[in-house]
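Just so you know, all these numbers are worked out from the coordinates, no wet-lab data involved. Worth saying up front: this structure is predicted, and the values here are computed from it rather than measured. FYI the Cβ positions are ideal-geometry reconstructions off the backbone, even for glycines, and counts take in every protein chain you see.
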Amino acid sequence: MSKKEQTVIKCHKCGKEGSVELWTSLNTSSNPEAKKDLLEGRINLFQCLDCNSEATVPVSFLYHDMENNYCIWHFPFEETEYIDFYDNFTTRGKIKSDSDEDFLPEPSYMKDAQIVFSMDELRRHVIFRDNLYKAKSEKKANINAVQAGFNIVYLLTNFHGRINENKISDIKKCLHFNFRGDVDIESEITLINSLNHKEKSKRFSDAVNFMKDTAPPETRMRLMDFALDLIAEDKKLSDDESKFFEFLRLMLAN
Ligand SMILES: [Zn+2]
């Protein structure tokens, strides 16, 4: 939940009173539009209608991103002068929170909240965390695609008894060239070889479905062509096999 209220404060420059919307808590799931304001420095910003001066109002403020499981506490630095302020923290400098926001159980990451003393630093930390999650999820998606790609090619050739050291080396080269990613191919091979036929089929269809749902079309087609080349190079496909590959090709292409 976000918390905000309209408050009247005195302008720090001309002393005239004016109204400002003060946020003490911003939950990005409840108020996604307010995140944009925050990143543009417009949250808790007092704008004087008399002298046009602007200033960020110093208030305690909780930024809460439930999607990415993190939160940041901003405290006005002036508060560090008061002994009672330190009751909010553990000796390790972590937040000591017993608040029961809407009586919901407190997520564990609340205790690991980043603590900052300026709204600029809060903004920078939000940008840092957003970029961090993006980079990590892209990396993970890439690894998953390479893994699925390897499973498809390896299992296809495996089903046809065409696996040998040269083939494995070709597959690795192709995957490295076309996809890149930190997949431990040796562990994948060990794992796949330990499966029985039924488990292999299951793993194969899981990998195909994953590839079908996530990989871009050109990646899928490249993979399929590579698999067909590997299998067909020294063996004429039977009618059934041709039909199966045509089916697979269509499925991967969609
Ligand atoms: Zn003013």
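A few notes on this one:
- Two-site FRET efficiency, residue 86 against residue 40, from Cβ-Cβ distance with R₀ of 45 Å, rounded to 0.05: 0.85
- Exposure proxy ranking, count of Cβ atoms within 10 Å, fewest first, for 94, 136: 136, 94
- Chain lengthening between residue 60 and residue 117 when straightened (0.36 nm per residue, less Cα-Cα): 19.6 nm
- Rounded to the nearest 0.05, the FRET efficiency derived from the C-beta distance between residue 218 and residue 193 at R0 = 30 Å is 0.50.
- With the largest listed first and rounded to whole Å, the semi-axes of the equivalent ellipsoid of region 3-117 from the Cα gyration tensor are 27, 18, 11.
- Using R0 = 30 Å, the C-beta based FRET efficiency linking residue 185 and residue 131 works out to 0.55.
- Approximating the spin labels as points 7 Å out from Cα along Cα→Cβ, the residue 3-to-residue 20 distance works out to 1.8 nm.
- Taking 0.36 nm per residue of separation and subtracting the current Cα-Cα distance, fully stretching the chain between residue 142 and residue 29 would add 38.0 nm.
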